[in-house]
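Here the structure comes first, spelled out in structure tokens, and everything after it is commentary.
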Amino acid sequence: MKKFLSLLGVMLAITVNAQTNTVPDVSTNLPPAPPSIPEIPGRIIDFLSVTASNWYVAPYGIYSSDTESFGAGIGAGYSITPNVVTVMRIDYLNDEIWMPSGSLQLQAPIRLLNKLQVTPFAFGGIATPLSGRGDDNRTAAGIAGAGMATRFNDHIGVVYDIEYWSNFSGPQHRFGVFWKF
């Protein structure tokens with residue numbers, strides 16, 4: 001778990017640094033210097049306060065047809081544009097499998113009857129089981145899937161997707177609620 005939290009911290013720091021608008025020094029043609037360790041917490045706070053409206057959080061349930069078991073997970077997404085979302089997740093399945101993942105989601109929001117927003121999406125990414133998969137533990141696995149989300153208002157909605165992992169023989173089904181900040 002400590003390794004996972006460390007990895008999550010590094011991923012957040014990289015995301016924050018990548019999203020920070022920095023201007024290169026044109027007089028020297030050199031890129032800006034990377035932030036020092038003491039600057040990183042301040043940058044994270046600045047990043048979250050400015051971009052909070054682009055974040056999603058979604059707890060969800062999982063059914064795996066491969067293991068014929070149920071599980072749960074939580075995901076956090078950052079909307080780069082209305083059509084591109086980066087997602088980090090952690091899945092817990094079959095009372096033993098812990099699997100963090102990162103993916104890029106392409107979506108097409110559609111407004112129905114000028115009231116209900118429906119968003120079909122497709123995604124691909126990478127994951128690694130931390131436990132519960134024997135020799136597959138700590139090896140990379142490809143993920144691909146598609147689904148649909150529906151927003152009821154500016155902040156709350158439901159989401160469903162079907163996802164395939166390269167280290168599983170069958171799909172996983174996810175259904176959850178999401179909050180947009």
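Worth pointing out:
- Among the residues of region 113-123, the ones that are assigned to a strand (DSSP E or B) and either surrounded by 14 or more Cβ atoms within 10 Å (Cβ to Cβ) or on the phi > 0 side of the Ramachandran plot (or both) come to 6 in all.
- Filter result (of a type in the set (Asp, Glu) and surrounded by 16 or more Cβ atoms within 10 Å (Cβ to Cβ)) within region 128-181: 136, 161, 163
- Restricting the search to strands (runs of 3 or more DSSP E) fully inside region 73-112 and requiring at least 2 residues that are surrounded by 17 or more Cβ atoms within 10 Å (Cβ to Cβ) and touching a residue at least 12 places away in the same chain (Cβ under 8 Å) gives 84-93, 97-107.
No value in this document is a laboratory result; all are computed from the given coordinates. Since this is a predicted model, take the numbers as computed values, not measurements. Positions of Cβ are backbone-derived with ideal geometry, glycine not excepted, and every protein chain shown enters the neighbour counts.
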